[in-house]
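Undergrad: The structure's right below; bear with me while I get my questions together.
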Amino acid sequence: MNTPVVLQVAATPDSPALVLRPWRMEDIAALVEVGRDPALRQWANSVVDNAADGARWVEAQQRGWAVGERFGFAVLEAQPGSIREQLVGNVVLKEVTSGKPEAEVGYWTAAHARGRGVAPRALEALTSWAFDTFEADGLKRLKLLHQVDNLASCRVAQKSRYDFDSILPAAPPSFPRDGHLHIRRTGA
């Protein structure tokens, strides 16, 4: 998929509009700043400590797009009175393979944006895009995994109509505790 994809999420009475777009090198400073959050570090699989880590992370996101197997989006929020957008999160569609009926989604939200509906709104946009784009290639369901004690992620899954499916055993080091598997099927 070589055409840049930008997804728009309309503003709500309580939340500004969101823009989801592929990660860029210009996002590194904001990514490093967001990555300092202890709660994010607890749940994220990869940690960005500095600009070099940030560059490697963004390059990995760009490679995923180039190969067509992983589609990471920076989630940005327009700031009132500013022409700049502020980084508020990340959503990703991964493990996409033509003919394979399932793929996985993931997300995180910056500390300053939590509790404002960013993750469910961004995840809904990603989910709709994924099914619209890949259903003809066989995509029928999306899976969402989170650790059992990540209650905020469980709420995001439920708000986004990802039904609880099962408990998954821990798989250290990337998944150190048992987890929940949530599933959303096309048309749900």
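Undergrad: What does the charge dipole of the chain about its Cα centre add up to, to the nearest 20 debye, if the Cβ of each Lys and Arg holds +1 and the Cβ of each Asp and Glu holds -1?
TA: So the magnitude is around 240 debye.
Undergrad: Pulled fully out, how much extra length does the chain show between Thr12 and Asp49, if you take 0.36 nm times their separation in residues and subtract their Cα-Cα distance?
TA: So the extension gain works out to 10.0 nm.
Undergrad: Output the peptides 59-66, 97-104 sorted from most to least packed, where packing is the average of other Cβ atoms within 10 Å over each peptide's residues.
TA: 59-66, 97-104
Undergrad: Of the DSSP beta bridges with both residues in the stretch 27-167, give the percent that are antiparallel, rounding to the nearest 5.
TA: Here the antiparallel bridges make up roughly 80 percent for the stretch 27-167.
Undergrad: Determine, for Thr127, Thr12, the number of other Cβ atoms within 10 Å of each Cβ, and report the residues in order from fewest to most. Intermediate results must be reported in sequence, preceding the final value.
TA: On the way: Thr127 21, Thr12 12.
Going from least to most buried by this count: Thr12, Thr127.
Each reported figure results from applying straightforward, stated rules to the coordinates on display, with no laboratory input. These numbers were taken from a predicted model, which means no experiment stands behind them. For neighbour counting, all protein chains shown are included, and Cβ atoms are generated from backbone atoms with ideal geometry for every residue, glycine included.
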